1. Classify the range 128-207 as rounded, prolate or oblate, taking a ≥ b ≥ c as the square roots of the eigenvalues of its Cα gyration tensor: rounded when a/c is under 1.5, otherwise prolate if a/b is larger than b/c and oblate if not.
2. Just to check I understand the Karplus step: with θ = phi - 60° and J = 6.51 cos²θ - 1.76 cosθ + 1.60, what whole-Hz values come out for the range 243-251, glycine and proline as x?
3. Tell me the label-point distance for the pair Lys70, Asn280, using the 7 Å Cα-to-Cβ offset, in nm and rounded to one decimal.
4. How about the range 82-145: which trypsin sites (Lys or Arg not before Pro) there lie in a loop by DSSP and see at most 11 other Cβ atoms within 10 Å?
5. List the residues whose amide H sits under 5 Å from the amide H of Ile74, counting only those 5 or more places along or on another chain, with H placed 1.01 Å from N in the peptide plane.
6. Roughly to the nearest percent, how much of the accessible area of the range 3-206 is carbon and sulfur, given a 1.4 Å probe?
7. Leaving ligands, DNA and RNA out of it, work out the accessible area of Phe22 with a 1.4 Å probe and give it in Å² to the nearest 10.
8. Keeping all protein chains in place and using 1.4 angstrom, which order do His271, His289, His199 fall into by accessible surface area, from largest down?
Amino acid sequence: MSYFEKLRLLPVINQALDALEFKKPTPIQEKAIPIILKGTDVIGNAQTGTGKTAAFCIPTLTYLLNNKAKAALILVPTRELAGQIDRFWKALTQFCPEVTSIVITGAVPMATQLKRMEVVPRLIIATPGRLVDHLQLKNFELRSVGVLILDEADRMLDMGFRAQLDEIARAVPQKRQTLLFSATWDGDISELAKKVLSHQMVRITAGKTSQAAQTVEQALIKTTESGKRDLLLEEINAERGQVLIFTSTQAKVESIGNYLEGYGIEVNSIHGGRTQGNRNTALKQFREHKIKVLIATDIAARGIDVPEITHVINYDMPQIADDYIHRIGRTGRASLEGKATSFLTLEDETKWVAIVELLKRTGSTIPKAVTKRATRAANIQDVESEMEVALVKNRKPTRSHPGARRENQWAKGTVNVKPAHEQRIKPKA
Ligand code: AMP
(Lines give C-alpha, C1' and ligand atoms only; values in the text may rest on other atoms or scores of the structure.)
Protein backbone atom coordinates (compact mmCIF):
# COMPACT_ATOMS: atom_id res chain seq x y z
CA MET A 1 0.00 0.00 0.00
CA SER A 2 1.44 3.38 -0.96
CA TYR A 3 1.89 6.17 1.57
CA PHE A 4 -0.94 8.17 0.05
CA GLU A 5 -3.23 5.12 0.18
CA LYS A 6 -2.40 4.67 3.87
CA LEU A 7 -3.60 8.20 4.54
CA ARG A 8 -7.07 7.03 3.47
CA LEU A 9 -7.65 10.07 1.35
CA LEU A 10 -10.91 10.34 -0.55
CA PRO A 11 -10.96 8.21 -3.75
CA VAL A 12 -11.16 11.26 -6.07
CA ILE A 13 -7.93 12.56 -4.53
CA ASN A 14 -6.14 9.21 -4.77
CA GLN A 15 -7.19 8.97 -8.40
CA ALA A 16 -5.70 12.41 -9.09
CA LEU A 17 -2.45 11.57 -7.29
CA ASP A 18 -2.20 8.45 -9.44
CA ALA A 19 -2.77 10.53 -12.56
CA LEU A 20 -0.10 13.00 -11.37
CA GLU A 21 2.21 10.05 -10.69
CA PHE A 22 2.79 11.14 -7.11
CA LYS A 23 3.89 7.81 -5.66
CA LYS A 24 5.95 8.82 -2.65
CA PRO A 25 5.38 11.91 -0.51
CA THR A 26 8.10 14.54 -0.23
CA PRO A 27 9.35 15.15 3.37
CA ILE A 28 7.13 18.21 3.90
CA GLN A 29 4.12 16.26 2.64
CA GLU A 30 4.90 13.32 4.89
CA LYS A 31 5.13 15.58 7.92
CA ALA A 32 2.42 18.12 7.15
CA ILE A 33 -0.47 16.25 5.52
CA PRO A 34 -1.50 14.07 8.53
CA ILE A 35 -1.35 17.09 10.87
CA ILE A 36 -3.27 19.40 8.56
CA LEU A 37 -5.88 16.68 7.99
CA LYS A 38 -6.58 16.79 11.75
CA GLY A 39 -7.49 20.47 11.48
CA THR A 40 -4.42 21.75 13.35
CA ASP A 41 -2.85 25.13 12.56
CA VAL A 42 0.57 24.72 10.96
CA ILE A 43 3.64 26.79 10.27
CA GLY A 44 5.65 25.19 7.51
CA ASN A 45 9.25 26.14 6.88
CA ALA A 46 9.96 24.69 3.49
CA GLN A 47 12.41 25.60 0.78
CA THR A 48 11.29 26.02 -2.80
CA GLY A 49 10.56 22.92 -4.81
CA THR A 50 9.83 20.75 -1.79
CA GLY A 51 6.26 19.92 -2.78
CA LYS A 52 4.61 22.28 -0.31
CA THR A 53 1.78 23.15 -2.71
CA ALA A 54 0.51 19.58 -2.59
CA ALA A 55 1.21 19.48 1.16
CA PHE A 56 -1.48 22.11 1.77
CA CYS A 57 -3.75 21.46 -1.23
CA ILE A 58 -4.40 17.76 -0.50
CA PRO A 59 -5.79 18.32 3.04
CA THR A 60 -7.59 21.48 1.94
CA LEU A 61 -9.40 19.57 -0.80
CA THR A 62 -10.29 16.87 1.74
CA TYR A 63 -11.79 19.57 3.96
CA LEU A 64 -13.78 21.12 1.12
CA LEU A 65 -15.14 17.76 -0.04
CA ASN A 66 -16.25 16.99 3.53
CA ASN A 67 -17.69 20.47 4.21
CA LYS A 68 -19.80 21.42 1.22
CA ALA A 69 -20.80 24.88 2.51
CA LYS A 70 -17.23 25.94 3.25
CA ALA A 71 -14.53 27.68 1.24
CA ALA A 72 -10.75 28.07 1.49
CA LEU A 73 -8.52 31.06 0.82
CA ILE A 74 -4.87 30.96 -0.27
CA LEU A 75 -2.89 34.21 -0.16
CA VAL A 76 0.22 34.46 -2.30
CA PRO A 77 2.73 37.22 -3.12
CA THR A 78 2.67 37.06 -6.92
CA ARG A 79 0.36 36.42 -9.85
CA GLU A 80 2.67 33.73 -11.14
CA LEU A 81 2.50 31.78 -7.90
CA ALA A 82 -1.30 32.17 -7.90
CA GLY A 83 -1.40 30.73 -11.43
CA GLN A 84 0.90 27.88 -10.48
CA ILE A 85 -1.22 26.88 -7.47
CA ASP A 86 -4.37 27.15 -9.56
CA ARG A 87 -2.89 24.81 -12.17
CA PHE A 88 -2.03 22.30 -9.47
CA TRP A 89 -5.52 22.64 -7.99
CA LYS A 90 -7.12 21.94 -11.39
CA ALA A 91 -4.96 18.81 -11.71
CA LEU A 92 -5.82 17.72 -8.17
CA THR A 93 -9.55 18.25 -8.70
CA GLN A 94 -9.70 16.59 -12.12
CA PHE A 95 -12.02 13.91 -10.69
CA CYS A 96 -14.08 16.39 -8.63
CA PRO A 97 -14.19 19.52 -10.81
CA GLU A 98 -17.14 20.85 -8.81
CA VAL A 99 -14.61 22.04 -6.20
CA THR A 100 -13.91 25.13 -8.25
CA SER A 101 -11.18 27.71 -7.80
CA ILE A 102 -10.79 31.35 -8.76
CA VAL A 103 -7.64 33.45 -9.02
CA ILE A 104 -7.93 37.05 -7.83
CA THR A 105 -4.85 39.10 -8.67
CA GLY A 106 -4.14 42.59 -9.91
CA ALA A 107 -3.77 41.61 -13.57
CA VAL A 108 -7.45 41.05 -14.35
CA PRO A 109 -10.15 43.81 -14.29
CA MET A 110 -12.24 43.75 -11.11
CA ALA A 111 -15.48 43.51 -13.11
CA THR A 112 -14.31 40.30 -14.81
CA GLN A 113 -13.42 38.84 -11.43
CA LEU A 114 -16.82 39.77 -10.03
CA LYS A 115 -18.55 38.07 -12.95
CA ARG A 116 -16.54 34.91 -12.31
CA MET A 117 -17.47 35.09 -8.61
CA GLU A 118 -21.15 34.64 -9.56
CA VAL A 119 -20.46 30.90 -9.50
CA VAL A 120 -19.39 30.82 -5.87
CA PRO A 121 -15.87 29.36 -5.83
CA ARG A 122 -14.76 26.88 -3.18
CA LEU A 123 -11.17 28.03 -3.32
CA ILE A 124 -9.94 31.60 -3.74
CA ILE A 125 -6.28 32.08 -4.63
CA ALA A 126 -5.46 35.76 -4.25
CA THR A 127 -2.77 38.36 -3.92
CA PRO A 128 -3.49 40.48 -0.81
CA GLY A 129 -3.70 43.88 -2.55
CA ARG A 130 -6.46 43.01 -4.99
CA LEU A 131 -8.40 40.97 -2.46
CA VAL A 132 -8.50 43.93 -0.07
CA ASP A 133 -9.70 46.17 -2.92
CA HIS A 134 -12.68 43.83 -3.39
CA LEU A 135 -13.35 43.64 0.34
CA GLN A 136 -13.30 47.41 0.72
CA LEU A 137 -15.78 47.76 -2.14
CA LYS A 138 -17.88 45.08 -0.43
CA ASN A 139 -17.88 43.09 -3.67
CA PHE A 140 -17.94 39.89 -1.69
CA GLU A 141 -17.21 38.64 1.78
CA LEU A 142 -15.23 35.78 3.24
CA ARG A 143 -17.57 34.43 5.92
CA SER A 144 -17.57 30.88 4.57
CA VAL A 145 -13.77 30.56 4.70
CA GLY A 146 -12.83 27.64 6.95
CA VAL A 147 -9.17 27.33 5.91
CA LEU A 148 -6.80 30.26 5.44
CA ILE A 149 -3.40 29.61 3.86
CA LEU A 150 -0.57 32.13 3.65
CA ASP A 151 1.97 30.87 1.14
CA GLU A 152 5.42 32.46 0.94
CA ALA A 153 4.43 34.69 3.84
CA ASP A 154 7.99 36.07 4.10
CA ARG A 155 7.75 37.34 0.54
CA MET A 156 4.36 38.94 1.19
CA LEU A 157 5.86 40.83 4.13
CA ASP A 158 8.89 41.84 2.02
CA MET A 159 6.48 43.25 -0.52
CA GLY A 160 4.80 45.39 2.13
CA PHE A 161 1.51 43.48 2.42
CA ARG A 162 1.43 43.47 6.24
CA ALA A 163 -1.56 45.81 6.58
CA GLN A 164 -3.52 43.91 3.93
CA LEU A 165 -2.80 40.57 5.63
CA ASP A 166 -4.14 41.98 8.90
CA GLU A 167 -7.25 43.24 7.16
CA ILE A 168 -7.90 39.88 5.49
CA ALA A 169 -7.32 38.02 8.76
CA ARG A 170 -10.05 40.24 10.30
CA ALA A 171 -12.42 39.51 7.40
CA VAL A 172 -12.28 35.70 7.69
CA PRO A 173 -14.03 33.89 10.58
CA GLN A 174 -12.10 33.48 13.84
CA LYS A 175 -13.04 29.82 13.88
CA ARG A 176 -10.88 28.50 11.10
CA GLN A 177 -7.73 26.54 10.36
CA THR A 178 -4.69 28.61 9.39
CA LEU A 179 -1.60 27.38 7.58
CA LEU A 180 1.42 29.63 7.13
CA PHE A 181 4.31 28.74 4.85
CA SER A 182 7.56 30.64 4.71
CA ALA A 183 11.03 29.88 3.39
CA THR A 184 12.65 32.08 6.03
CA TRP A 185 11.97 32.74 9.69
CA ASP A 186 12.52 36.08 11.39
CA GLY A 187 10.92 38.49 13.83
CA ASP A 188 8.37 39.85 11.35
CA ILE A 189 7.15 36.38 10.40
CA SER A 190 6.88 35.23 13.99
CA GLU A 191 4.91 38.38 14.83
CA LEU A 192 2.53 37.69 11.95
CA ALA A 193 2.27 34.03 13.00
CA LYS A 194 1.32 35.04 16.56
CA LYS A 195 -1.46 37.17 15.16
CA VAL A 196 -3.01 34.81 12.65
CA LEU A 197 -2.38 31.33 14.05
CA SER A 198 -3.87 29.71 17.13
CA HIS A 199 -1.72 28.85 20.14
CA GLN A 200 -1.97 25.15 19.41
CA MET A 201 -0.15 25.44 16.12
CA VAL A 202 2.48 22.93 15.06
CA ARG A 203 5.70 23.96 13.39
CA ILE A 204 7.01 21.76 10.60
CA THR A 205 10.41 22.10 8.99
CA ALA A 206 11.48 20.26 5.89
CA GLY A 207 15.18 20.77 5.32
CA LYS A 208 16.94 23.63 7.01
CA THR A 209 15.31 27.03 6.67
CA SER A 210 16.11 28.55 3.33
CA GLN A 211 18.68 25.93 2.52
CA ALA A 212 19.66 25.70 -1.10
CA ALA A 213 18.46 22.37 -2.50
CA GLN A 214 21.27 19.83 -2.30
CA THR A 215 20.41 18.54 -5.75
CA VAL A 216 21.61 21.79 -7.34
CA GLU A 217 25.21 21.95 -8.47
CA GLN A 218 26.34 25.55 -8.08
CA ALA A 219 29.05 27.23 -10.14
CA LEU A 220 30.48 30.71 -9.68
CA ILE A 221 32.31 32.40 -12.53
CA LYS A 222 34.35 35.55 -12.02
CA THR A 223 33.99 37.88 -14.95
CA THR A 224 33.50 41.50 -15.99
CA GLU A 225 30.22 43.11 -17.05
CA SER A 226 31.38 43.10 -20.68
CA GLY A 227 32.53 39.48 -20.42
CA LYS A 228 29.12 38.19 -19.33
CA ARG A 229 27.39 38.00 -22.72
CA ASP A 230 29.84 35.66 -24.36
CA LEU A 231 30.04 33.47 -21.29
CA LEU A 232 26.26 33.33 -21.33
CA LEU A 233 26.23 32.23 -24.95
CA GLU A 234 28.73 29.49 -24.19
CA GLU A 235 26.75 28.25 -21.20
CA ILE A 236 23.55 28.12 -23.26
CA ASN A 237 25.18 26.39 -26.20
CA ALA A 238 26.68 23.78 -23.89
CA GLU A 239 23.30 23.05 -22.31
CA ARG A 240 20.90 20.57 -23.86
CA GLY A 241 17.99 21.32 -21.52
CA GLN A 242 16.21 24.58 -20.82
CA VAL A 243 17.84 27.59 -19.25
CA LEU A 244 16.32 30.23 -16.98
CA ILE A 245 18.30 33.46 -16.77
CA PHE A 246 17.91 36.03 -14.01
CA THR A 247 19.01 39.59 -14.48
CA SER A 248 18.56 42.81 -12.55
CA THR A 249 16.53 45.14 -14.76
CA GLN A 250 13.79 45.05 -17.36
CA ALA A 251 16.06 46.81 -19.85
CA LYS A 252 18.71 44.14 -19.41
CA VAL A 253 16.15 41.38 -19.90
CA GLU A 254 15.24 42.94 -23.24
CA SER A 255 18.79 43.53 -24.41
CA ILE A 256 20.01 40.04 -23.47
CA GLY A 257 16.94 38.62 -25.24
CA ASN A 258 17.79 40.52 -28.42
CA TYR A 259 21.40 39.44 -28.18
CA LEU A 260 20.53 35.74 -27.87
CA GLU A 261 17.94 35.97 -30.63
CA GLY A 262 20.69 37.32 -32.84
CA TYR A 263 22.34 33.92 -32.40
CA GLY A 264 19.18 32.06 -33.37
CA ILE A 265 18.29 31.02 -29.80
CA GLU A 266 14.56 30.75 -29.06
CA VAL A 267 13.93 33.01 -26.12
CA ASN A 268 11.13 34.86 -24.34
CA SER A 269 10.98 36.91 -21.16
CA ILE A 270 8.95 37.78 -18.10
CA HIS A 271 9.26 40.95 -16.07
CA GLY A 272 7.00 43.50 -14.42
CA GLY A 273 6.92 45.74 -17.51
CA ARG A 274 5.27 43.09 -19.71
CA THR A 275 1.51 42.57 -19.88
CA GLN A 276 0.07 39.61 -18.02
CA GLY A 277 -0.87 38.08 -21.37
CA ASN A 278 2.73 38.27 -22.60
CA ARG A 279 4.05 36.86 -19.35
CA ASN A 280 1.61 33.96 -19.49
CA THR A 281 2.55 33.24 -23.12
CA ALA A 282 6.25 33.24 -22.23
CA LEU A 283 5.71 30.86 -19.33
CA LYS A 284 3.50 28.59 -21.44
CA GLN A 285 6.08 28.46 -24.24
CA PHE A 286 8.75 27.62 -21.71
CA ARG A 287 6.65 25.01 -19.98
CA GLU A 288 5.81 23.39 -23.32
CA HIS A 289 9.50 23.42 -24.37
CA LYS A 290 8.77 25.71 -27.33
CA ILE A 291 11.62 27.98 -26.25
CA LYS A 292 14.97 27.04 -24.81
CA VAL A 293 15.62 30.16 -22.79
CA LEU A 294 13.48 32.27 -20.47
CA ILE A 295 14.88 35.53 -19.11
CA ALA A 296 13.37 37.01 -15.96
CA THR A 297 13.76 39.62 -13.28
CA ASP A 298 13.24 38.60 -9.66
CA ILE A 299 9.55 39.34 -9.84
CA ALA A 300 9.19 35.90 -11.39
CA ALA A 301 11.71 34.16 -9.15
CA ARG A 302 9.20 32.54 -6.86
CA GLY A 303 6.36 31.95 -9.21
CA ILE A 304 7.70 29.63 -11.83
CA ASP A 305 7.20 25.93 -11.56
CA VAL A 306 8.87 24.21 -14.47
CA PRO A 307 10.24 20.94 -13.12
CA GLU A 308 12.34 20.26 -16.18
CA ILE A 309 14.63 23.29 -15.82
CA THR A 310 18.15 21.96 -15.78
CA HIS A 311 20.06 25.20 -15.61
CA VAL A 312 19.57 28.53 -13.88
CA ILE A 313 21.97 31.35 -14.70
CA ASN A 314 22.36 34.36 -12.44
CA TYR A 315 23.49 36.86 -15.04
CA ASP A 316 23.43 39.44 -12.25
CA MET A 317 23.57 38.74 -8.54
CA PRO A 318 20.24 39.35 -6.80
CA GLN A 319 19.79 42.44 -4.60
CA ILE A 320 18.43 40.34 -1.74
CA ALA A 321 20.47 37.33 -0.62
CA ASP A 322 17.34 35.20 -0.06
CA ASP A 323 16.50 35.56 -3.74
CA TYR A 324 19.67 33.65 -4.61
CA ILE A 325 18.20 30.58 -2.94
CA HIS A 326 14.79 31.16 -4.49
CA ARG A 327 16.33 31.60 -7.92
CA ILE A 328 18.45 28.49 -7.82
CA GLY A 329 15.48 26.65 -6.31
CA ARG A 330 13.93 26.81 -9.79
CA THR A 331 16.20 23.94 -10.72
CA GLY A 332 16.83 20.67 -8.90
CA ARG A 333 13.13 20.52 -8.06
CA ALA A 334 11.55 17.43 -6.55
CA SER A 335 15.04 15.91 -6.36
CA LEU A 336 15.89 16.30 -10.05
CA GLU A 337 19.51 17.17 -10.68
CA GLY A 338 20.06 20.79 -11.63
CA LYS A 339 22.79 23.32 -12.22
CA ALA A 340 23.00 26.97 -11.19
CA THR A 341 25.70 29.21 -12.64
CA SER A 342 26.30 32.71 -11.30
CA PHE A 343 28.40 35.46 -12.82
CA LEU A 344 30.35 37.47 -10.28
CA THR A 345 31.77 40.88 -11.09
CA LEU A 346 33.90 42.98 -8.80
CA GLU A 347 30.94 45.34 -8.47
CA ASP A 348 28.71 42.57 -7.11
CA GLU A 349 31.18 41.43 -4.46
CA THR A 350 29.23 42.85 -1.51
CA LYS A 351 26.04 41.16 -2.70
CA TRP A 352 27.97 37.90 -2.96
CA VAL A 353 29.33 38.31 0.59
CA ALA A 354 25.73 38.54 1.86
CA ILE A 355 24.76 35.44 -0.15
CA VAL A 356 27.71 33.48 1.25
CA GLU A 357 26.70 34.50 4.78
CA LEU A 358 23.20 33.17 4.10
CA LEU A 359 24.50 29.94 2.55
CA LYS A 360 26.74 29.41 5.58
CA ARG A 361 23.97 30.17 8.03
CA THR A 362 21.66 27.66 6.39
CA GLY A 363 24.31 24.97 6.01
CA SER A 364 24.14 25.11 2.21
CA THR A 365 27.05 24.35 -0.11
CA ILE A 366 29.14 27.41 -1.06
CA PRO A 367 30.46 27.32 -4.62
CA LYS A 368 34.12 28.13 -5.28
CA ALA A 369 34.81 30.99 -7.68
CA VAL A 370 36.47 30.04 -10.94
CA THR A 371 37.85 32.34 -13.60
CA LYS A 372 36.64 31.55 -17.07
CA ARG A 373 36.77 33.53 -20.27
CA ALA A 374 34.54 32.67 -23.18
CA THR A 375 36.62 31.48 -26.12
CA ARG A 376 34.98 33.96 -28.43
CA ALA A 377 35.18 36.76 -25.89
CA ALA A 378 38.85 36.06 -25.36
CA ASN A 379 39.50 36.46 -29.06
CA ILE A 380 37.55 39.67 -29.30
CA GLN A 381 39.18 41.12 -26.22
CA ASP A 382 42.63 40.26 -27.54
CA VAL A 383 41.88 41.97 -30.85
CA GLU A 384 40.43 44.94 -29.03
CA SER A 385 43.45 45.30 -26.80
CA GLU A 386 45.80 45.13 -29.80
CA MET A 387 43.78 47.83 -31.53
CA GLU A 388 43.81 49.88 -28.41
CA VAL A 389 47.54 49.63 -28.13
CA ALA A 390 47.91 50.73 -31.73
CA LEU A 391 45.44 53.60 -31.51
CA VAL A 392 45.90 55.05 -28.09
CA LYS A 393 49.31 54.01 -27.10
CA ASN A 394 49.87 56.17 -24.08
CA ARG A 395 46.32 56.46 -22.82
CA LYS A 396 45.95 56.52 -19.07
CA PRO A 397 42.87 55.00 -17.40
CA THR A 398 40.07 57.48 -18.00
CA ARG A 399 38.12 59.08 -15.20
CA SER A 400 34.96 57.27 -16.25
CA HIS A 401 36.60 53.86 -15.78
CA PRO A 402 38.91 54.33 -12.85
CA GLY A 403 38.59 50.72 -11.77
CA ALA A 404 38.43 49.11 -15.21
CA ARG A 405 41.97 47.75 -15.12
CA ARG A 406 41.61 46.31 -11.64
CA GLU A 407 38.25 44.82 -12.65
CA ASN A 408 39.80 43.10 -15.68
CA GLN A 409 42.75 41.82 -13.70
CA TRP A 410 40.38 40.57 -11.04
CA ALA A 411 38.26 38.72 -13.57
CA LYS A 412 41.31 37.24 -15.27
CA GLY A 413 42.67 36.20 -11.92
CA THR A 414 45.99 37.97 -12.55
CA VAL A 415 45.67 40.08 -9.45
CA ASN A 416 45.30 38.59 -6.06
CA VAL A 417 41.91 39.82 -4.96
CA LYS A 418 40.38 37.14 -2.80
CA PRO A 419 36.92 35.99 -3.82
CA ALA A 420 34.31 37.27 -1.42
CA HIS A 421 33.66 34.03 0.36
CA GLU A 422 37.33 33.61 1.14
CA GLN A 423 37.50 37.05 2.71
CA ARG A 424 37.00 37.35 6.42
CA ILE A 425 33.36 38.03 6.97
CA LYS A 426 32.73 40.26 9.91
CA PRO A 427 29.71 39.22 11.92
CA LYS A 428 26.98 41.83 11.83
CA ALA A 429 26.76 44.00 14.95
P1 AMP B 1 6.29 22.84 -5.07
O2 AMP B 1 7.39 22.90 -4.05
O3 AMP B 1 4.95 22.70 -4.45
O4 AMP B 1 6.38 23.98 -6.04
O5 AMP B 1 6.50 21.48 -5.94
C6 AMP B 1 7.62 21.25 -6.73
C7 AMP B 1 7.38 20.21 -7.81
O8 AMP B 1 7.36 18.89 -7.26
C9 AMP B 1 6.08 20.35 -8.58
O10 AMP B 1 6.36 20.17 -9.94
C11 AMP B 1 5.21 19.25 -8.06
O12 AMP B 1 4.26 18.83 -9.02
C13 AMP B 1 6.23 18.16 -7.76
N14 AMP B 1 5.79 17.25 -6.68
C15 AMP B 1 5.25 17.63 -5.50
N16 AMP B 1 4.98 16.55 -4.74
C17 AMP B 1 5.38 15.48 -5.44
C18 AMP B 1 5.36 14.05 -5.17
N19 AMP B 1 4.89 13.57 -4.02
N20 AMP B 1 5.83 13.24 -6.13
C21 AMP B 1 6.31 13.73 -7.29
N22 AMP B 1 6.36 15.05 -7.61
C23 AMP B 1 5.90 15.92 -6.69
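The values are calculated or read from the model by the stated rules, or taken from the named source; none is laboratory data. Predicted model only: the values in this text are computed from it and were never measured. Note that we place each Cβ from the backbone using ideal geometry, even for glycine, and neighbour counts take in every protein chain shown. Please note that ligands, DNA and RNA were not included when accessible areas were found on the heavy atoms of the full protein model with its side chains. Shrake-Rupley method; radii C 1.70, N 1.55, O 1.52, S 1.80 Å.
1. Note, shape of the range 128-207 comes out oblate.
2. Using θ = phi - 60°, the values come out as 10, 10, 10, 10, 9, 8, 10, 4, 4 Hz.
3. Distance between the two pseudo-spin positions: 3.1 nm.
4. When the trypsin sites (Lys or Arg not before Pro) of the range 82-145 are filtered for loop state and at most 11 Cβ neighbours within 10 Å, Lys138, Arg143 remain.
5. Ile124, Ile125, Ala126, Ile149
6. Whole-percent figure for carbon plus sulfur exposure: 54.
7. 60
8. Output order, biggest surface exposure first: His199, His289, His271.
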